[in-house]
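So the structure is just underneath, and the comments pick up after that.
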Amino acid sequence: MIPRTRPSVPPVLYLSREWMDAARGALAADTGLKAATAEVRLTLEQVVTGVPAEVGPDATGTVRWHVRVDQGEVALAAGAGPEPDVRFTTDYATAAAVATGGLSAQRAFLDGRLRVGGDVGMLGRYQRAFAAVDDALAAVRAVTTFPAP
């Protein structure tokens, strides 16, 4: 197992610019992420609708962000991903429930609250890489706050 280093992160509002900055920093600082994603190339995009105004969504109440993995380099950015391989779309309440662990992504999908598009097979093929990204974001999840929808 590759040891990981994680920075301390101040509280951040889910999906806000500060949350994205903290997530970007956590991905960049995780020393095990490069090895876990060395053979992976993909872009994941998340689209969240009905985002509370204090988070800073666009005029439609939507926040988009993406994670690009390119053979060991992992980058998170606000906005639509360039040609995303997989896209997750959900409303804010569902995204927040999944993010807090109150609802599994699988249950949200089965209930029709989470839509998945693109090459869904990549989710299985790159499960190890997704787990590494999830682990890298643990410190950010621990300090994330969620306004009511």
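Within the group L42, L33, L76, L137, which residue is in contact with an Asp or Glu (Cβ under 6 Å, 6 or more places away or on another chain) and touching a residue at least 40 places away in the same chain (Cβ under 8 Å)? Give the steps one after another, and end with the answer.
Details: L33 fails: in contact with an Asp or Glu (Cβ under 6 Å, 6 or more places away or on another chain); L76 fails: in contact with an Asp or Glu (Cβ under 6 Å, 6 or more places away or on another chain); L137 fails: in contact with an Asp or Glu (Cβ under 6 Å, 6 or more places away or on another chain).
Of the residues listed, the single one that is in contact with an Asp or Glu (Cβ under 6 Å, 6 or more places away or on another chain) and touching a residue at least 40 places away in the same chain (Cβ under 8 Å) is L42.
Can you name every residue in the stretch 23-44 that is under 20 Å from R141 (Cβ atoms) and crowded, with 18+ Cβ neighbours inside 10 Å? Walk me through how you get there before you give the answer.
Restricting attention to the stretch 23-44, the residues satisfying the condition of being under 20 Å from R141 (Cβ atoms) are 23-33, 36-37, 44.
Scanning the stretch 23-44 gives A23, R24, A26, L27, D30, L33, A36, T37, L44.
Can you tell me which residue within the stretch 50-65, out of those that are in a strand (DSSP E or B) and touching a residue at least 40 places away in the same chain (Cβ under 8 Å), is nearest to D134 (Cα to Cα)? Step through it out loud before you land on a result.
The first filter runs over the stretch 50-65 and keeps only residues in a strand (DSSP E or B), leaving 63-65.
Those left that are additionally touching a residue at least 40 places away in the same chain (Cβ under 8 Å): 63, 65.
Values: V63: 19, W65: 15 Å.
Checked the stretch 50-65; the qualifying residue nearest to D134 (Cα to Cα) is W65.
Just checking, which of V63, V47, V86, V116 is modelled with pLDDT of 95 or more, surrounded by fewer than 17 Cβ atoms within 10 Å (Cβ to Cβ) and of a type in the set (A, V, I, L, M, F, W, C)?
Details: V63 fails: surrounded by fewer than 17 Cβ atoms within 10 Å (Cβ to Cβ); V47 fails: surrounded by fewer than 17 Cβ atoms within 10 Å (Cβ to Cβ); V86 fails: surrounded by fewer than 17 Cβ atoms within 10 Å (Cβ to Cβ).
Of the residues listed, the single one that is modelled with pLDDT of 95 or more, surrounded by fewer than 17 Cβ atoms within 10 Å (Cβ to Cβ) and of a type in the set (A, V, I, L, M, F, W, C) is V116.
Could you grab me the full set of residues in the stretch 46-73 that are within 18 Å of A22 (Cβ to Cβ) and of a type in the set (A, V, I, L, M, F, W, C)?
Scanning the stretch 46-73 gives V48, V51, V55, V63, W65, V67.
Being within 16 Å of V48 (Cα to Cα) and in contact with a Lys or Arg (Cβ under 9 Å, 6 or more places away or on another chain) is the filter; apply it to the stretch 99-113 and report the residue that is surrounded by the fewest Cβ atoms within 10 Å (Cβ to Cβ).
Residue satisfying both the conditions and the ranking: T100.
Output the residue which, of all residues in the stretch 119-132 that are surrounded by 14 or more Cβ atoms within 10 Å (Cβ to Cβ) and within 19 Å of T89 (Cα to Cα), is farthest from the chain's Cα centre (by Cα). Show your work before the answer.
Here is the first cut: in the stretch 119-132, the ones surrounded by 14 or more Cβ atoms within 10 Å (Cβ to Cβ) are 122-123, 126, 129-130, 132.
This time we only want the ones that are within 19 Å of T89 (Cα to Cα), so: 122-123, 130.
Details: M122: 16, L123: 13, F130: 10 Å.
Selected residue: M122.
Need the failing condition index for A96 against (1) surrounded by 18 or more Cβ atoms within 10 Å (Cβ to Cβ); (2) out of contact with any Pro (no Cβ under 8 Å at 6 or more places or on another chain); (3) not aromatic (F, W, Y), just the number.
(2)
The values are calculated or read from the model by the stated rules, or taken from the named source; none is laboratory data. Just so it is clear, the model here is predicted, and its values are computed rather than measured. Neighbour counts are summed over all protein chains in view; Cβ atoms, including those assigned to glycine, are modelled from backbone coordinates with ideal geometry.
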